[in-house]
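Working notes, structure below.
The values are calculated or read from the model by the stated rules, or taken from the named source; none is laboratory data. What you see is a predicted model; the values in this text were computed from it and never measured. We place every Cβ from the backbone using ideal geometry, glycine too, and count neighbours over all the protein chains shown.
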Amino acid sequence: MPREAEPSLNERQFVLQALQDSIRLDGRELDQYRPLELTFGDQYGVADVTLGKTRVLAKASAELTVPYADRPLDGIFNIATELSPMTSPAFEVNRPTETEVLISRLLEKTVRRSGALDTESLCLVAGQKCWSIRVDVHVLSHDGNLIDAACFAVVAALRHFRKPDTSMEGGVLTVYTPAEREPVPLSWLHSPFCVTWSFFGEEGDIALLDATWMEEQVRSGSCTISLNKHGEICQIAKLGGVPVEAVSLLQCTNVALIKAKDMSSKLDKWLAEDAKRRDKGGLLAELSAENDRVPDI
Amino acid sequence: MCTSTVCNTKKQNLFNPPRRPHPPHLIPSSTSKPLRLGPGLRHLPPSDIIPTVAGQLITNPQKNSMWVEYNNNRYLPTPGDLILAQITRSGPDLYYCSLSPHTPLATLPHLSFESATKKTRPQLSPGSLVYARVVLANKHMDPEIECVSSSTGKSDGLGELKGGMVFDVSLQFARRLLMSKSREEGKVEVLELLGEEGLAFEIAVGRNGRVWVGGEDLKAVVVVGRALRGADEGGLGVEGQRKLVRGLVRGMK
């Protein structure tokens, strides 16, 4: 199996030494993100996120299936992550690396287990028919901090996604095409975002946000905090690495909240811009058969 | 090297689509020297020269040579190239070095360092960097590199690089930096501009698209690296480079 090229001793030493003096190679502050960009595709539910040189594409799709036997009232929601050899020759098809498993797991914990998507609303006929929502995450270019970018892409794709409208009349389920009825958005409850801290030094006393690939290769530990803009923490994952003081972890969560609020407002802005772009002539509101009961997300 | 039919000559640059023979008036002619073809060109006997890649055709009537200037992504070693290699492991009498992440490892004999004997050879650990010259490179063998000139026995600045930082740039930018008249021909002025601003640094440019920057002041090294990368990625002209350097140096102080 090919291995990722490792940075030389000189590079390792330099990055660590510079971080001691709070200097980053790209001139950022320690708690500063690279420029975050989001473009939506022509279809609903395609989000292309770039974070510096990292680029992640997420695509949401829906299909009608039978619900699981033990959960007859719930729809199905899956997140599939793929790291292709296009990103790096160290990634192979059909052989998930540790990074890939970790990203899938963290996304699942952040988005699915925090109940961001109301799966009960995906059920159409109890025990017989439900929507299966699937998000495919493709990493197109890897320059560090995949988790934050992937999480943002998944949330953006799901909030942008529209599923076909359905109706139930006399026990007959009808699924309408987009030409018949305007597709409806998913029932979305809150938007969680991942914020990853990287720790450097033997005691993990230097913490920084949005590490590049070079910084990720020399870091001694990392911690991913998932939270929404209200400060509700969905999960904290600190997988191995150096131990970190509880007090500094608290500070990390405080900064993470600011970043999550920032990401949330950016996403709202981009979604509004995209809705405006699609709504030519202002007809969309008339076509929509959706209830006006939209929670504050 | 190959000879070809000759016609009247002018120094001309143009963008030529691949896989079509070159118009004969673009081929430099000299009766005394054989025509030399550089990267991106192929000789089809008896008299056709076809480009194999898209790029800018450059001809040099003095040397009677021509090649296609293009920005390839993968470094292919050529004898005489100065490169920045990273030691991956040591064999019984040679080091294995990587020139770029996804190409075969190059070999660096333990004894091709300045005044190296079996007892005094430098001990390099995996991950160290050397500035070296390619001695041997062909299709069917792993490339071989050296840190000493085999004719004079001097190192000429080659050898292990201590400290500093490595920045990746495109291969074309590395070639431009290495030109003898980088300011006039390569249109790269970043290094001169940084020097004029009073930054002290050392630099070693490898043709494999890696630039080593050393110096006492970490901030200066970072600024040099950012200037190089900015000029490369932004495709900046001389004026743009001047602006970039001014901005970076101001931000440093």
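Observations, loosely collected:
- Scanning segment A:193-216 for residues that are in contact with a helix residue (DSSP H, G or I) (Cβ under 8 Å, 6 or more places away or on another chain) and farther than 14 Å from A:E245 by Cα yields A:F193, A:C194, A:V195, A:T196, A:L208, A:L209, A:D210, A:M214, A:E215.
- Among residues of segment A:263-279 that are touching a residue at least 60 places away in the same chain (Cβ under 8 Å) and aromatic (F, W, Y), those with a Cβ under 6 angstrom from a residue that is surrounded by 12 or more Cβ atoms within 10 Å (Cβ to Cβ) and not in a helix (DSSP H, G or I), sequence gap 6+ or separate chain, pair up as A:W270/A:L38.
- Here A:K53 passes the criteria (1) modelled with pLDDT of 90 or more; (2) more than 14 Å from chain B (Cβ to nearest Cβ) except the one numbered (2).
- Some residue of segment A:174-188 being over 23 Å from A:L30 (Cβ atoms), among the β-branched types (V, I, T) and surrounded by 15 or more Cβ atoms within 10 Å (Cβ to Cβ): yes
- Wholly enclosed strands (runs of 3 or more DSSP E) of segment B:48-103 bearing at least 2 residues away from chain A (no Cβ under 14 Å) and under 25 Å from B:S29 (Cα atoms): B:48-51, B:55-60, B:65-69
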